[in-house]
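Trainee: To start, I am sharing the structure in question, which I have written as structure tokens.
The values are calculated or read from the model by the stated rules, or taken from the named source; none is laboratory data. On a predicted model such as this, the values are computed, not experimentally measured, just so you know. Here the Cβ positions follow ideal geometry from the backbone for every residue, glycine too, while neighbour counts run over all protein chains shown. These accessible areas exclude ligands, DNA and RNA; they are computed on the full protein's heavy atoms, side chains included. Shrake-Rupley method; radii C 1.70, N 1.55, O 1.52, S 1.80 Å.
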Amino acid sequence: GYTILYTAESLGTQRVMGISEMSYDDFAPIMVMVNDPKVIVVNKTSKYETLQDLVDDMKARPGKVKMSYTGPGGSGHVQSLIYNKLGLDMALTAYPGGSDCIVAVLGDQVDFTNSNFSTVTGYLESGDLKLLGISATDRLDKYPDVPTLAEVIPEAIDYLKNPFTPLSLLVHKDVPVEYQKVLKEAAAKAVQ
């Protein structure tokens, strides 16, 4: 009970992809900490002013609009698969992490990325990035004028019902239940 894993959605995809033998079945949940929604961002100088502009360009130029993501199994990869299901095809460029994906957008190496909202708030406030859309069913309170992907592509709602990046505290499944209870109580107290 002294080793706690703070994880995103990776455990849900990596085993399916053959990247890891571990899955959520190997752990016991302590708490889902936060849902950090995916947002669609572009460089401040981007030709895309709206999410509809970006979607229209992906439809007009299949496989030509460039998107950075964190590689197979990550939430950005899941996002690209959703785009594919919606009939959109983009050129994917993998980077080692979310920050690298943002740098690629800032440096005009790619046209857009799907970042966790928490990761881009500073760039949005400084004006270095433009927020085009939210990959969720609800708009963000802080940006009420920014549409969701489901508003621009209504059939996307079927893919956006579950949170993309649930950040969770987990322990090994063999940690005794009484220890898990102590950790759950402490986590609940901490977030209050």
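Trainee: Checking Ser75 against (1) over 13 Å from the mean Cα position of the chain (by Cα); (2) closer than 18 Å to Ser115 by Cα, only one condition comes out false. Which one?
Mentor: Evaluating Ser75 over (1) over 13 Å from the mean Cα position of the chain (by Cα); (2) closer than 18 Å to Ser115 by Cα leaves (1) as the failure.
Trainee: Might you check whether a residue that is open to solvent by less than 80 Å² (accessible area, probe 1.4 Å), within 28 Å of Gly76 (Cβ to Cβ) and within 14 Å of the chain's Cα centre (by Cα) occurs anywhere in region 138-152? Let's see the steps before the verdict.
Mentor: Step one: filter region 138-152 for residues open to solvent by less than 80 Å² (accessible area, probe 1.4 Å), giving 140, 143-144, 146-150, 152.
Among the residues that remain, those that are also within 28 Å of Gly76 (Cβ to Cβ) are: 140, 143-144, 146-150, 152.
Next, only the ones that are within 14 Å of the chain's Cα centre (by Cα) stay: 148-149.
Yes, some residue in region 138-152 is open to solvent by less than 80 Å² (accessible area, probe 1.4 Å), within 28 Å of Gly76 (Cβ to Cβ) and within 14 Å of the chain's Cα centre (by Cα).
Trainee: Is there a residue in region 119-131 that is in a loop (DSSP other than H, G, I, E, B) and surrounded by fewer than 20 Cβ atoms within 10 Å (Cβ to Cβ)?
Mentor: Checked region 119-131: at least one residue is in a loop (DSSP other than H, G, I, E, B) and surrounded by fewer than 20 Cβ atoms within 10 Å (Cβ to Cβ).
Trainee: Let me ask you something else. Name the one entry in Val191, Val105 that is of a type in the set (A, V, I, L, M, F, W, C), open to solvent by less than 40 Å² (accessible area, probe 1.4 Å) and in contact (Cβ under 8 Å) with a residue 40 or more places away in the chain. Show your work before the answer.
Mentor: Numbers: Val191 fails: open to solvent by less than 40 Å² (accessible area, probe 1.4 Å).
That would be Val105, the only listed residue that is of a type in the set (A, V, I, L, M, F, W, C), open to solvent by less than 40 Å² (accessible area, probe 1.4 Å) and in contact (Cβ under 8 Å) with a residue 40 or more places away in the chain.
Trainee: Among the residues of region 15-53, write down those that are polar (S, T, N, Q) and open to solvent by 60 Å² or more (accessible area, probe 1.4 Å).
Mentor: Narrowing region 15-53 to residues polar (S, T, N, Q): 20, 23, 35, 43, 45-46, 50, 52.
Across region 15-53, the qualifying residues are Asn35, Thr45, Thr50, Gln52.
Trainee: Does Asp89 fit the bill of being open to solvent by 30 Å² or more (accessible area, probe 1.4 Å), assigned to a helix (DSSP H, G or I) and at pLDDT 90 or above? If you could, list the steps in order and put the result at the bottom.
Mentor: Details: open to solvent by 30 Å² or more (accessible area, probe 1.4 Å): yes; assigned to a helix (DSSP H, G or I): no; at pLDDT 90 or above: yes.
Criteria not met by Asp89.
Trainee: Would you mind finding the one in Leu183, Leu160, Leu167 that is touching a helix residue (DSSP H, G or I) at 6+ places or on another chain (Cβ under 7 Å) and open to solvent by less than 80 Å² (accessible area, probe 1.4 Å)? Full working, then the answer.
Mentor: Working: Leu183 fails: touching a helix residue (DSSP H, G or I) at 6+ places or on another chain (Cβ under 7 Å); Leu167 fails: touching a helix residue (DSSP H, G or I) at 6+ places or on another chain (Cβ under 7 Å).
Leu160 is the lone residue from the list that is touching a helix residue (DSSP H, G or I) at 6+ places or on another chain (Cβ under 7 Å) and open to solvent by less than 80 Å² (accessible area, probe 1.4 Å).
Trainee: With the requirement that a residue be more than 29 Å from Val182 (Cα to Cα) and of a type in the set (Val, Ile, Thr), what does region 21-53 give you?
Mentor: Within region 21-53, Val39, Ile40, Val41, Val42, Thr45, Thr50 meet the criteria.
Trainee: Filter region 30-81 down to the residues that are part of a helix (DSSP H, G or I), among the small types (Gly, Ala, Ser), at pLDDT 85 or above and within 20 Å of Asp100 (Cβ to Cβ) and list them by number. Even if it seems obvious, please write down each step before you answer.
Mentor: So the first thing to find is which residues in region 30-81 are part of a helix (DSSP H, G or I), and the list is 51-60, 75-81.
From what is left, the residues that are among the small types (Gly, Ala, Ser) are 60, 75-76, 80.
Narrowing the set further to residues that are at pLDDT 85 or above leaves 60, 80.
Across region 30-81, the qualifying residue is only Ser80.
Residues are listed down the side, and each one gets a yes or a no for (1) within 23 Å of Tyr123 (Cβ to Cβ); (2) in contact (Cβ under 8 Å) with a residue 60 or more places away in the chain:
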| position | (1), (2) |
| --- | --- |
| Ile4 | no, yes |
| Gly18 | no, no |
| Ser23 | no, no |
| Asp26 | no, yes |
| Ile40 | yes, yes |
| Asn43 | yes, yes |
| Lys59 | no, no |
| Gly74 | yes, yes |
| Gln79 | yes, yes |
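Trainee: Next question. Taking into account only those residues within region 67-84 that are open to solvent by 40 Å² or more (accessible area, probe 1.4 Å) and among the aliphatic types (A, V, I, L, M), which is nearest to Asp36 (Cα to Cα)?
Mentor: Per the criteria, the residue is Val78.
Trainee: Within region 108-118, track down each residue that is at pLDDT below 95 and surrounded by 23 or more Cβ atoms within 10 Å (Cβ to Cβ). Walk me through how you get there before you give the answer.
Mentor: Going residue by residue through region 108-118, those that are at pLDDT below 95 are 114-118.
Once the filter is applied, which keeps residues that are at pLDDT below 95 and surrounded by 23 or more Cβ atoms within 10 Å (Cβ to Cβ), region 108-118 yields Asn114, Ser115.
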